[in-house]
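*Asks:* Below: one structure in structure tokens.
The values are calculated or read from the model by the stated rules, or taken from the named source; none is laboratory data. Since the structure is predicted, the reported quantities are computational estimates derived from the model, not experimental observations. FYI the Cβ positions are ideal-geometry reconstructions off the backbone, even for glycines, and counts take in every protein chain you see.
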Amino acid sequence: MGARIIEGRPVAEEIRKDIIRRMAELQLEGITPGLAVIMVGDDPASSSYVKMKGKACQELGIYSQTLRMPSNYPEEALLHTIDELNRNPRINGILVQMPVPGHIDVSKVVQAIDPDKDVDAFHPVNVGKMLIGEGDGFLPATPHGIQELLMRNGYEVAGKHVVIVGRSNIVGKPLAAMLMQKGEGADATVTVCHSRTRDLGSITVQADILVCAVGRAGLIKADMVKEGAVVIDVGSNRVQDPSSARGYRFVGDVDFEAVKERAAAITPVPGGVGPMTIIMLMQNTVLAAEKALKQHAGPKV
Ligand code: NDP
């Protein structure tokens, strides 16, 4: 029997409705949430992510500013731009699209953003709050989106063995921290694997819930998955496909066709985790405006 396909769009749509309700409440206070996205350089993938973020803001009525800087934009100038945005009351959320060119120190950039405007949740203050389980920081979009996807589809993680493949600061590590917390949508027993893990399949096969965030097409084969597991495929890999008009398509890290015959449920790529990431960023921007209002610093526009 084939697995249930966990689509991201219907869940993203539920969250979108909640965002619209929260935006209406902010409007009553004269507040329109604002997001600034800074992009340094002209990486085509980054450019398309930045466009998607701008479009998502536009669709929701979130004020957005996209600042495109040349690839030789000096680090000092970038820090100055961030500082200006930190002080701009129309802007509630600031994000710098990664990766940035090599001459820019990523940690300086991340730490320059006001933690109350850090909608990507990369600032050490927000990372620390997430780790100790303090609920008043921001949560990073992709892991938070995965947690919502599981909860809203009725997949309880409490007491389950969740195996996460990948330990990046944007997906694997924060997801592990979030799912091991005490409380709703968490209380899991978490194992994290990475490129130095020995005999990966012997660990992934133990997972009740398997999350793969590596960036390698076909890494997870059917025999690495437990019968009846829930599989979340975060990977987004461009592979050649002469049958498509573009000549390529995107696939995940999981051998979808084979694994879906073994798993109880699986996310598709595209259309699974992807739509969740963008909506969670929008939610963080609204949360940032709500925080600003609470601190009586909300923009009146
Ligand atoms: P990174 O490259 O930062 O991290 C990849 C992780 O995979 C690392 O921890 C690495 O281990 C591990 N890894 C690499 N090879 C293996 C292997 N053979 N076996 C086990 N682990 C391995 O990637 P990201 O976390 O940024 O992204 C992962 C994937 O998810 C990418 O395809 C990316 O495009 C996608 N993505 C999708 C999003 C979405 O919204 N759909 C959002 C974010 C990412 P080590 O640490 O030892 O190097």
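*Asks:* Which strands (runs of 3 or more DSSP E) does segment 205-257 wholly contain that include 3 or more residues that are surrounded by fewer than 24 Cβ atoms within 10 Å (Cβ to Cβ)?
*Replies:* The qualifying strands (runs of 3 or more DSSP E) are 237-240, 248-251.
*Asks:* How about segment 18-43: which of its residues are farther than 12 Å from ILE62 by Cα and under 19 Å from the mean Cα position of the chain (by Cα)?
*Replies:* Of segment 18-43, the ones farther than 12 Å from ILE62 by Cα are 18, 21, 25, 28-30, 37-43.
Answer for segment 18-43, where residues must be farther than 12 Å from ILE62 by Cα and under 19 Å from the mean Cα position of the chain (by Cα): ASP18, VAL37, ILE38, MET39.
*Asks:* Please enumerate the residues belonging to segment 54-84 that are aliphatic (A, V, I, L, M) and within 20 Å of the chain's Cα centre (by Cα). Give the derivation first.
*Replies:* First pass over segment 54-84, keeping only residues aliphatic (A, V, I, L, M): 56, 60, 62, 67, 69, 77-79, 82.
Scanning segment 54-84 gives ALA56, LEU60, ILE62.
*Asks:* How about segment 22-73: which of its residues are touching a Gly at 6+ places or on another chain (Cβ under 6 Å) and of a type in the set (S, T, N, Q)?
*Replies:* SER64, THR66, SER71
*Asks:* Please pick out the residue among PHE138, PHE122 that is more than 15 Å from the ligand (Cβ to nearest atom) and in a loop (DSSP other than H, G, I, E, B).
*Replies:* PHE138
*Asks:* Search segment 189-204 for residues being assigned to a loop (DSSP other than H, G, I, E, B) and over 23 Å from GLY274 (Cβ atoms), and hand back the single one that is nearest to the ligand (Cβ to nearest atom). Lay out the reasoning, then the answer.
*Replies:* Going through segment 189-204, the residues assigned to a loop (DSSP other than H, G, I, E, B) turn out to be 194-199.
Applying the additional criterion that residues be over 23 Å from GLY274 (Cβ atoms) yields 195-199.
Numbers: SER195: 3, ARG196: 5, THR197: 6, ARG198: 10, ASP199: 11 Å.
Restricting to residues being assigned to a loop (DSSP other than H, G, I, E, B) and over 23 Å from GLY274 (Cβ atoms), the top hit is SER195.
*Asks:* Hey, among ASP120, ASP187, which residue is more than 22 Å from GLY8 (Cα to Cα), among the acidic types (Asp, Glu) and at pLDDT 95 or above? First the steps, then the outcome.
*Replies:* On the way: ASP120 fails: more than 22 Å from GLY8 (Cα to Cα).
None of the others qualify; the one that does is ASP187.
*Asks:* Next up: For segment 268-283, give me each residue that is within 9 Å of the ligand (Cβ to nearest atom) and outside any helix (DSSP H, G or I).
*Replies:* VAL269, PRO270, GLY272, VAL273
*Asks:* Scan ILE209, ILE232 and give me the residue that is of a type in the set (A, V, I, L, M) and within 16 Å of the ligand (Cβ to nearest atom). Walk me through how you get there before you give the answer.
*Replies:* Numbers: ILE209 fails: within 16 Å of the ligand (Cβ to nearest atom).
Result: ILE232 is the single residue among ILE209, ILE232 that is of a type in the set (A, V, I, L, M) and within 16 Å of the ligand (Cβ to nearest atom).
*Asks:* List every residue pair whose Cβ atoms sit under 7 Å apart, with the two residues 6 or more apart in sequence or on different chains, where the first one lies in segment 242-259 and is in contact (Cβ under 8 Å) with a residue 40 or more places away in the chain and the second, anywhere, is away from the ligand (no atom under 16 Å from the Cβ).
*Replies:* Qualifying pairs under 7 Å: VAL259/ALA222.
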